[in-house]
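First up is the structure itself, then whatever we jot down about it.
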Amino acid sequence: MSYNNNNYNDSSSYPPLPTRLHRHQPNYSANRSTTRTHNQPPGRTHTNQEQEHNPFDLSTNLNQLNLNSDNSNVINFDAYEDIPVETTGSDIPPPVNTFAEIRLGKALDDNIRRCKYVKPTPIQRHAIPVALAGRDLMACAQTGSGKTAAFCFPIISGILKQNGTTPFGSGRRMRVACPLALIMSPTRELSCQIHDEAKKFSHQTGVKVVVAYGGAPINRQLQNLEKGVDILVATPGRLVDMIERERISLKRIKYLALDEADRMLDMGFERQIRQIVEEMGMPPPGARQTLLFSATFPTEIQRLASDFLKNYIFLSVGRVGSSTDLIDQRVELVQDMDKRSRLMDILKDQRSNGMTGKFALTLVFVETKRGADLLEHWLCGNGYSATAIHGDKVQMERERALRSFKNGSTPILVATDVAARGLDVPHVTHVINFDLPKDIDDYVHRIGRTGRAGKSGLATAFFSEKNSSLAKALAQLMQESNQQVPTWLTQYAETSSSYGNGRSYRGGSKFGGHDFRSSSNNGGGGKYSDYGSGSKYSDNGSGSNYGNYGSGSNYGNYGTDYKANKGPADYTYSDYSGTNPGDSTYSDYSGHDFAAAGVDAHSGNEFPAAGHVDAYASGGAPAYQSEIVATGWD
Ligand SMILES: Nc1ncnc2c1ncn2[C@@H]1O[C@H](COP(=O)(O)OP(=O)(O)OP(=O)(O)O)[C@@H](O)[C@H]1O
């Protein structure tokens with residue numbers, strides 16, 4: 001065996017993967033009535049010709065290829081019972097325990113039932129009442145815990161209550177679409193997924209959802225806009241393009257949601273997001289409602305994000321940036337040259353345990369696009385059905401790869417960080433970090449592709465010498481997620497001074513998250529704490545009750561712990577991309593190249609110098625910092 005045996009587990013053999021993995025898919029025959037539904041605004045009736053596609057239809061829903069006789073479709077809410085919840089801000093609307101309490105309207109309730117959502121997840125219990133009360137929200141909750149519905153439900157419900165019609169303005173030549181809601185996300189695939197979800201939730205409500213993303217023909221998307229749009233789901237590059245062509249106006253936006261908000265506001269996207277939100281006619285904070293969601297929210301990014309918000313509520317479910325305990329995390333010390341043979345051992349074990357095929361998908365993260373292609377090729381050559389996804393593939397190839405992974409035709413997907421965030425593929429049972437990312441938050445998002453919606457999952461990481469800067473953050477994260485930390489990793493953590501590419505790890509108290517206003521004393525207001533899905537308002541601070549907190553003054557043990565454990569450096573941009581020449585870790589995120597020009601240490605290949613913009617960056621953003629290279633801008 002060619003890997004170092006100082007592993008988490010003495011045995012080289014992997015136990016059978018978790019079995020609570022099969023999610024039953026909804027099988028509803030849609031009511032294809034052409035009459036207006038209960039909550040449907042006037043003017044939103046559907047004729048037979050423009051009959052809505054039924055997203056619950058088994059024959060057309062890709063996910064349903066994964067149907068299994070196992071009926072364990074219901075989310076495991078026990079897994080969320082003890083999750084700490086922290087809410088700060090003024091006049092915080094109380095959480096709910098059931099969807100019925102929320103009064104989303106009959107049409108939406110029907111769709112929730114069709115989705116088989118029996119009760120709200122913790123983030124939904126807390127976030128939906130806040131959003132329905134019209135408040136701005138910065139929300140942080142663990143991967144796979146239902147954030148998409150948490151921002152979609154209030155938006156759809158709000159649009160239905162407005163009883164509006166899909167408005168159009170006038171442009172130079174064509175009609176200008178004026179959506180009421182804009183949902184932005186960093187990758188094309190995630191935008192498509194949110195679009196599919198939002199369509200499902202708004203089925204037969206008359207609310208029109210359209211998606212716009214780069215790499216796909218713009219004309220088709222413009223045609224869809226022509227048919228009317230209430231909710232536009234978009235990636236930033238394509239959106240700017242359409243606004244500049246005067247095909248979209250943001251002047252009627254009432255709801256703005258940023259999914260993966262920390263990513264949208266970090267150095268790769270911030271400038272373009274600011275352009276969209278602040279310079280392209282969108283109503284200002286206060287005149288619109290802004291909802292920011294992510295599983296991770298570094299303090300520095302919270303500070304940037306607060307520009308977009310007014311009198312907002314900060315909500316965290318689980319510690320900010322934590323991984324869920326549902327994911328069994330293992331880390332192995334493997335030299336770079338031994339990684340392939342170790343991967344082969346793992347895949348062989350999985351095969352011999354019967355954990356293969358469409359109900360046991362394996363997602364393998366690598367550092368570079370070329371590395372992804374090479375590994376895919378090597379796996380296929382060794383008898384494993386694999387495909388790859390990364391930012392150098394044209395959109396059609398990206399979509400094909402994801403489709404064949406989802407339906408189990410190729411149960412192994414080799415991916416760069418383009419697949420790290422947000423993607424909800426039901427049967428991913430194992431995430432393997434063949435190459436670890438430099439940033440702990442990226443690790444959190446990557447492993448979060450498994451262990452979703454209350455199901456358990458397995459994450460294995462190959463740790464090599466060059467990952468030593470991540471050791472401290474990784475060990476701390478694992479400890480906080482109740483994982484066994486190998487002794488050798490603790491030793492690495494003790495000797496390494498860094499917290500992973502300069503960003504401090506926000507560890508500390510296991511309890512709750514951290515609203516940056518609380519420590520900087522500039523806002524905040526009341527706070528209350530709550531655990532899991534019970535109804536109690538248990539206060540976990542230093543004795544004050546719900547609503548009785550002064551702004552940041554009564555921060556209690558939680559705050560003290562946070563500060564005491566705060567790492568040496570906060571999130572520093574310079575370390576993020578510029579100081580690692582020869583290293584292209586960040587070279588692939590939804591088509592962006594974040595790395596400086598240089599030579600990829602891993603493959604020995606040159607990667608492009610700053611300023612390169614690839615062929616399908618239509619209307620894409622210019623490289624706005626010398627070290628940033630925009631390729632295939634979404
Ligand atoms: N109330 C609910 N009951 C049952 N299943 C739910 C509920 N809410 C969401 N889900 C399911 O949970 C899964 C994960 O949801 P979602 O993709 O919104 O997670 P997320 O928090 O956005 O994750 P990530 O941080 O990775 O983006 C989805 O398959 C979704 O359909």
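Annotations
- Total residues in region 105-120, condition open to solvent by 10 Å² or more (accessible area, probe 1.4 Å) and in a loop (DSSP other than H, G, I, E, B): 6
- Verdict on Phe405 being more than 23 Å from Leu258 (Cα to Cα), surrounded by fewer than 24 Cβ atoms within 10 Å (Cβ to Cβ), in contact (Cβ under 8 Å) with a residue 40 or more places away in the chain and touching a strand residue (DSSP E or B) at 6+ places or on another chain (Cβ under 8 Å): no
- Condition met for Ala473 (aliphatic (A, V, I, L, M), touching a Gly at 6+ places or on another chain (Cβ under 6 Å) and in a helix (DSSP H, G or I)): yes
- Residue under evaluation Ala261, criteria (1) at pLDDT below 95; (2) within 16 Å of the ligand (Cβ to nearest atom); (3) touching a helix residue (DSSP H, G or I) at 6+ places or on another chain (Cβ under 8 Å), criterion not met: (1)
- Here Gln483 fulfils each of the conditions (1) in a loop (DSSP other than H, G, I, E, B); (2) at pLDDT 95 or above apart from (2).
- Any hit, region 376-389, residues being surrounded by fewer than 21 Cβ atoms within 10 Å (Cβ to Cβ) and of a type in the set (Ser, Thr, Tyr): yes
- Take the conditions (1) more than 10 Å from the ligand (Cβ to nearest atom); (2) surrounded by fewer than 23 Cβ atoms within 10 Å (Cβ to Cβ); (3) outside any helix (DSSP H, G or I); (4) not basic (Lys, Arg); Pro95 misses just one of them, which is (2).
- Flag if Glu244 is at pLDDT 95 or above, touching a Ser or Thr at 6+ places or on another chain (Cβ under 6 Å) and open to solvent by 10 Å² or more (accessible area, probe 1.4 Å): no
- Ala150 of a type in the set (A, V, I, L, M), near the ligand (Cβ under 9 Å from one of its atoms) and open to solvent by less than 10 Å² (accessible area, probe 1.4 Å): yes
- The set of residues in region 181-209 being among the hydrophobic types (A, V, I, L, M, F, W, C) and either open to solvent by 10 Å² or more (accessible area, probe 1.4 Å) or over 14 Å from Ser249 (Cβ atoms) (or both) consists of Ile183, Met184, Leu190, Cys192, Ile194, Ala198, Phe201, Val207, Val209.
- Some residue of region 297-312 being basic (Lys, Arg) and at pLDDT 95 or above: yes
- Taking the criterion of being charged (D, E, K, R) and either near the ligand (Cβ under 10 Å from one of its atoms) or closer than 15 Å to Cys152 by Cβ (or both), the residues of region 111-134 that qualify are Arg114, Lys116, Lys119, Arg125.
- Extreme residue, surrounded by the most Cβ atoms within 10 Å (Cβ to Cβ), among residues of region 425-449 that are touching a residue at least 60 places away in the same chain (Cβ under 8 Å) and farther than 22 Å from Leu347 by Cα: Asp441
The values are calculated or read from the model by the stated rules, or taken from the named source; none is laboratory data. If you're wondering where the values come from, they're calculated on a predicted model, not measured in any experiment. Quick reminder, even Gly has a Cβ in these numbers, built from the backbone with ideal geometry, and neighbours come from all protein chains shown. Surface areas here come from the heavy atoms of the whole protein model, side chains and all, with no ligands, DNA or RNA. Shrake-Rupley method; radii C 1.70, N 1.55, O 1.52, S 1.80 Å.
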